[in-house]
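The values are calculated or read from the model by the stated rules, or taken from the named source; none is laboratory data. Note that this is a predicted model, so its numbers are computed, not measured. Glycine gets a Cβ as well: all are built from the backbone with ideal geometry, and neighbour counts include every protein chain shown. Keep in mind that these areas ignore ligands, DNA and RNA; they rest on the heavy atoms of the full protein, side chains included. Shrake-Rupley method; radii C 1.70, N 1.55, O 1.52, S 1.80 Å.
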Amino acid sequence: PHALAVVMTGMGQDGAAGLLAMRKAGARTFGQSPDSCVVYGMPRAAFEMGAVEHQVRLSAMPEAILGACRHDTGEARQMPAASAIKVMVVDDQASMRAMIRRALQDFGFKEVRDKGDPVEALADVRSD
């Protein structure tokens, strides 16, 4: 896929609406599973509106992201290295963005950017 989006634990619906827009545009989408969320508000809203393609436990999210980055050609393809994938973390809380960015970098993702505003994030991704 050219884009992949994940909604994680939290409240509200703004991220859910953004996830739905991305799914409608062809992105692969994931929502954090209810059993691994501290607050299942936003992931639930995203799931209920049809924005979530797959629900995934937090501990399995890095592998799910890597797996989704394989081409859907039906061929057996090697999973790409995390270091070859560009990641944009979008959250309105700077501390949450920093925590997620560090976790992704620890897992091997090298190019991890973050934005607090989804419109700015989309503009940044489109400029690549």
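The table that follows gives values for the structure above.
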| item | result |
| --- | --- |
| Solvent-accessible area of Leu104 with every protein chain in place, 1.4 Å probe, in Å² to the nearest 10 | 20 Å² |
| Surface accessible to a 1.4 Å probe, Ile65 within the full protein complex, Å² | 20 Å² |
| The chain: most fluctuating residue of Gln32, Gln55, Gln105 per GNM, C-alpha cutoff 10 Å | Gln105 |
| Within the chain: Cβ-based charge dipole about Cα centre, in debye rounded to nearest 20 (Lys, Arg +1; Asp, Glu -1) | 200 debye |
| Which label in (1) 1.04; (2) 1.00; (3) 1.21 gives the computed Cα Rg over 2.2 N^0.38 Å | (2) |
